[in-house]
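Heads up, the thing below is written out as structure tokens.
The values are calculated or read from the model by the stated rules, or taken from the named source; none is laboratory data. The shown structure was predicted, so the numbers you read here are calculated from the model rather than taken from an experiment. Cβ atoms come from the backbone with ideal geometry, glycine included; neighbour counts cover every protein chain shown. Note: accessible area is taken over every heavy atom of the protein model, side chains too, but ligands, DNA and RNA are not part of it. Shrake-Rupley method; radii C 1.70, N 1.55, O 1.52, S 1.80 Å.
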Amino acid sequence: RTSDFESFHLLSSKIDVNQKGELAFVSKSGACDVLYVIDVATKEKLKEFDFSDLVALFSPNWCPDDRRLVFTGISYAGRSDLYVVDVETGKLERLTNDFYDDRDPVWSPDGNSIAFSSDRSYHGENGFMNLFVYNLRRGSIQYLTVGPHNDYAPSWSPSGEELAFSSDRDGSFNIWLLHGTGADLQELTQGDPPLGS
């Protein structure tokens with residue numbers, strides 16, 4: 001309840017707090033979005049980032065080193081890619097640069113990988129989103145899930161050996177757990193079956 005921030009991307013952008021109690025979130029400011037870092041205890045605005053080439057920002061996530069943030073950025077050309085900003089220096093690095101829709105990035109506990117949701121599979125042509133992992137050391141991307149369904153909002157376990165996410169692979173959105181490289185999937189919640197089934 002403040003006039004400091006114009007509006008938020010409710011239900012479409014996540015927020016994240018690091019171990020130092022610094023909250024990262026996105027708010028609209030004029031024609032573009034701004035990435036803010038706020039001290040949770042003092043409510044002091046610590047950092048404010050606006051990027052001239054990006055019109056919209058979504059779902060910032062802290063690296064375990066508490067120094068970098070990964071997020072989804074949408075350019076004026078409408079491309080949705082993954083970016084990393086160094087919070088201390090403000091240096092921006094673009095991780096993906098293609099026509100795919102990349103979203104929901106989340107850093108692995110060891111800081112070496114970023115899991116995200118994207119339409120960069122064969123099934124993406126039909127609007128489906130699967131999970132992928134970006135290896136920061138190699139600059140490579142590999143599949144975690146694949147299929148004609150939507151997998152969103154990945155979240156690593158503290159050990160980095162499991163990944164929870166939401167998926168409609170059984171007809172309605174439920175929470176699933178991916179063990180290891182993707183061969184072992186477990187449904188953690190089960191809702192009502194879809195109408196007509």
| query | Does region 82-103 hold any residues that are part of a strand (DSSP E or B) and either of a type in the set (Gly, Ala, Ser) or closer than 18 Å to Arg138 by Cα (or both), and which are they? | reply | Leu82, Tyr83, Val84, Glu93, Arg94
| Can you find even one residue in region 97-108 that is among the acidic types (Asp, Glu) and over 16 Å from the mean Cα position of the chain (by Cα)? | yes
| request: Take region 130-158 and flag every residue that is at pLDDT 95 or above and either open to solvent by less than 10 Å² (accessible area, probe 1.4 Å) or part of a helix (DSSP H, G or I) (or both). | output: Asn130, Leu131, Phe132, Asp151, Pro154
| said: Please determine whether any residue of region 79-90 is at negative phi and small (Gly, Ala, Ser). | reply: yes
| The lone exception for Gly124 - which of (1) open to solvent by 50 Å² or more (accessible area, probe 1.4 Å); (2) modelled with pLDDT under 95; (3) over 15 Å from Pro64 (Cβ atoms) it fails | (1)
| query | Which condition number in (1) at pLDDT 95 or above; (2) hydroxyl-bearing (Ser, Thr, Tyr); (3) open to solvent by less than 50 Å² (accessible area, probe 1.4 Å); (4) over 28 Å from Leu46 (Cβ atoms) is the one that Thr96 fails? | reply | (4)
| remark: Those residues of region 59-116 which are in contact with a Phe, Trp or Tyr (Cβ under 9 Å, 6 or more places away or on another chain) and hydroxyl-bearing (Ser, Thr, Tyr) amount to Ser59, Thr72, Ser80, Tyr83, Thr96, Ser108, Ser113
